[in-house]
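The values are calculated or read from the model by the stated rules, or taken from the named source; none is laboratory data. This structure is a prediction, so every number in the text was calculated from the model and none was measured. Note that each Cβ is placed from the backbone with ideal geometry, even for glycine, and that neighbours are counted across all protein chains shown. Note: areas computed on protein heavy atoms with side chains; ligands, DNA, RNA excluded. Shrake-Rupley method; radii C 1.70, N 1.55, O 1.52, S 1.80 Å.
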Amino acid sequence: MLCSYLKAADPAFNGRGYRIFDSFAGLSEPKSEDTIDDKDSNAVRLQRMSQQGAFAASLDEVKRNLAEYPCIEYRQGWIPESFPDEPQARYRFVHIDVDLYQPTLDSLEYFYPKLVTGGYIVSDDYSWPGARKAIEVFVLRHRLKLRTTPTGQAYFKRGR
Ligand SMILES: C[S@@+](CC[C@H](N)C(=O)[O-])C[C@H]1O[C@@H](n2cnc3c(N)ncnc32)[C@H](O)[C@@H]1O
């Protein structure tokens, strides 16, 4: 969806500058922070969706779906080990969608220092208990102004 918006803005967009970090093997192991409250009306469904391996889609399948954007850079592996040591790298927009506490916190810690002034980090997962905790811990630590959407996302902008 993000690529299709970029292509709508620039028909020559071919994925250059766009990176995807994913295990392509589904979720990593949930931790205590990811526990779904049994009292939640959706507990059974959410517990199934937050198990290790949930949402697995192979690298080949993802590449096939994004074939229109051949210059996307794919980084397969577990977060945070798959993050490259690139002190000079800078990002303008980061979309985090890994559902769980630890990889969400690891992603925020890795990308925030690399975000340009005025750049945005968006999390898809403010309605997931683990990711929500990670976002709140991070935002408090860095005194960031968090904004949320009615559909369960949260985002903030890097100031000066
Ligand atoms: C809900 S899916 C979202 C995928 C994609 N953003 C989408 O909307 O189709 C969550 C993704 O996080 C990945 N993931 C979860 N934990 C991870 C970790 N520790 N390291 C790398 N990828 C992880 C899973 O493989 C999965 O693709």
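Criterion applied to D97, D124, D106 was being over 19 Å from M1 (Cβ atoms), of a type in the set (D, E, K, R) and within 12 Å of the chain's Cα centre (by Cα), and the one residue passing it is D106. Residues in the range 53-98 that are of a type in the set (D, E, K, R), over 11 Å from S23 (Cβ atoms) and either open to solvent by 90 Å² or more (accessible area, probe 1.4 Å) or touching a helix residue (DSSP H, G or I) at 6+ places or on another chain (Cβ under 6 Å) (or both): D60, K63, R64, E68, D85, R90, R92.
Within the set L100, L108, L115, L59, the sole residue that is of a type in the set (A, V, I, L, M) and away from the ligand (no atom under 16 Å from the Cβ) turns out to be L115. Scoring S50 on the criteria (1) surrounded by 12 or more Cβ atoms within 10 Å (Cβ to Cβ); (2) modelled with pLDDT of 95 or more leaves a single failure, condition (2). Within the range 62-94, the set of residues being over 17 Å from the mean Cα position of the chain (by Cα), touching a residue at least 40 places away in the same chain (Cβ under 8 Å) and within 12 Å of the ligand (Cβ to nearest atom) comprises L66 only. Can you spot a residue in the range 33-44 that is at pLDDT 95 or above and more than 13 Å from the ligand (Cβ to nearest atom)? Yes: the range 33-44 contains one or more residues that are at pLDDT 95 or above and more than 13 Å from the ligand (Cβ to nearest atom).
Of the residues that sit in the range 1-27 and are of a type in the set (K, R) and open to solvent by less than 80 Å² (accessible area, probe 1.4 Å), which one is farthest from F111 (Cα to Cα)? Top of the filtered list is K7.
Looking at (1) open to solvent by 80 Å² or more (accessible area, probe 1.4 Å); (2) in contact with a strand residue (DSSP E or B) (Cβ under 9 Å, 6 or more places away or on another chain); (3) free of Cβ contacts under 8 Å to residues at least 24 places away in the same chain; (4) outside any helix (DSSP H, G or I), can you tell me which one R132 breaks? Only one criterion is unmet by R132, namely (4). I'd like to check something: does the range 135-143 contain any residue that is of a type in the set (D, E, K, R), within 25 Å of Y5 (Cβ to Cβ), over 14 Å from the mean Cα position of the chain (by Cα) and not in a loop (DSSP other than H, G, I, E, B)? No, that holds for no residue.
The residue pairs whose first member lies in the range 138-160 and is among the small types (G, A, S), whose second member is in a loop (DSSP other than H, G, I, E, B), and whose beta carbons are closer than 7 Å, counting only pairs six or more residues apart or on different chains, are G152/Y126; G152/S127; A154/Y126; A154/L146.
Contact map, the range 28-41: residues that are over 22 Å from P80 (Cβ atoms) paired with residues that are open to solvent by 60 Å² or more (accessible area, probe 1.4 Å), Cβ distance under 6 Å, separation 6+ or inter-chain. Pairs shown: I36/Q47.
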